[in-house]
1. Within the stretch 32-42, track down each residue that is open to solvent by less than 50 Å² (accessible area, probe 1.4 Å) and touching an Asp or Glu at 6+ places or on another chain (Cβ under 7 Å).
2. Only one residue in 56, 94 is of a type in the set (A, V, I, L, M), part of a strand (DSSP E or B) and surrounded by 13 or more Cβ atoms within 10 Å (Cβ to Cβ). Which one?
3. Taking the residues in the stretch 61-71 that are touching a strand residue (DSSP E or B) at 6+ places or on another chain (Cβ under 6 Å) and free of Cβ contacts under 8 Å to residues at least 60 places away in the same chain as candidates, determine which candidate is nearest to residue 155 (Cα to Cα).
4. Scan the stretch 131-150 for residues that are part of a strand (DSSP E or B) and either aromatic (Phe, Trp, Tyr) or closer than 30 Å to residue 2 by Cβ (or both) and jot them down.
5. Consider residue 163 carefully, then state whether it is surrounded by fewer than 18 Cβ atoms within 10 Å (Cβ to Cβ), of a type outside the set (Gly, Ala, Ser) and either free of Cβ contacts under 8 Å to residues at least 12 places away in the same chain or touching an Asp or Glu at 6+ places or on another chain (Cβ under 9 Å) (or both).
6. Return a yes/no flag: does the stretch 19-39 have any residue that is under 17 Å from residue 56 (Cα atoms) and outside any strand (DSSP E or B).
7. Of the numbered conditions (1) farther than 22 Å from residue 125 by Cα; (2) open to solvent by less than 50 Å² (accessible area, probe 1.4 Å); (3) free of Cβ contacts under 8 Å to residues at least 40 places away in the same chain; (4) under 15 Å from the mean Cα position of the chain (by Cα), residue 29 satisfies every one except a single condition; which is it?
8. Answer yes if at least one residue in the stretch 137-152 is open to solvent by 70 Å² or more (accessible area, probe 1.4 Å), in contact with a Ser or Thr (Cβ under 7 Å, 6 or more places away or on another chain) and not hydrophobic (A, V, I, L, M, F, W, C), and no otherwise.
Amino acid sequence: MNTLLGLLRVRIKRGVNLAVRDINTSDPYIVIRMGKQKLKTRVMERHVNPVWNEDLTLFIYNPELPIKLAVYDHDFFSMDDKMGDAEFYIQPFLEGLKMNLKNLPSGTVIKRIKPSKSNCLAEESCITWRNHAVVQDMCLRLRNVECGEVELELHWINVPGCKLV
């Protein structure tokens, strides 16, 4: 039986230079998946640089599974068009949580993750101590598409009775 470790709040901040899939624009939305979980943002009509600032919360049972993100263009009369995808792992973020930090100045960088061929990062991702919490900001470069990036922010939510080992 899988044991719940806690919740991960994924804040979908914004999309940057997303692909055009309609005449001059797109109607993007994002789907994130982890294992059997699937969550979706609202559709942002006629926008290739949408600002969602939307929180999606995943139950974390197996932290070794990747979180998969896909961007789609909503269409009324046909199948939605794919606008790219990316994936990321939360192990570095969880390592920062396990450090059990306290009394650090807000904004202290705990760890830096550089973009590489093995991740979808568009730029360096920083795990920081901010307002008494560990937070990770990341900008993902979309794959399987001509252009586009998605900016995210990760926050951990402790659940009473659950323990991140």
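The values are calculated or read from the model by the stated rules, or taken from the named source; none is laboratory data. Treat the numbers as computed from the prediction; the structure is a model and nothing was measured. Heads up, the Cβs are rebuilt from the backbone with ideal geometry, glycines too, and the neighbour counts pull from every protein chain shown. Surface accessibility is based on the protein's heavy atoms, side chains included, excluding ligands, DNA and RNA. Shrake-Rupley method; radii C 1.70, N 1.55, O 1.52, S 1.80 Å.
1. 41
2. Only one candidate qualifies: 56.
3. 67
4. Correct list: 133, 134, 135, 136, 137, 138, 140, 143, 150.
5. Against the criterion (surrounded by fewer than 18 Cβ atoms within 10 Å (Cβ to Cβ), of a type outside the set (Gly, Ala, Ser) and either free of Cβ contacts under 8 Å to residues at least 12 places away in the same chain or touching an Asp or Glu at 6+ places or on another chain (Cβ under 9 Å) (or both)), residue 163 does not qualify.
6. Yes, the stretch 19-39 contains at least one residue that is under 17 Å from residue 56 (Cα atoms) and outside any strand (DSSP E or B).
7. (3) is the only condition that residue 29 fails.
8. No; the residues of the stretch 137-152 include none that is open to solvent by 70 Å² or more (accessible area, probe 1.4 Å), in contact with a Ser or Thr (Cβ under 7 Å, 6 or more places away or on another chain) and not hydrophobic (A, V, I, L, M, F, W, C).
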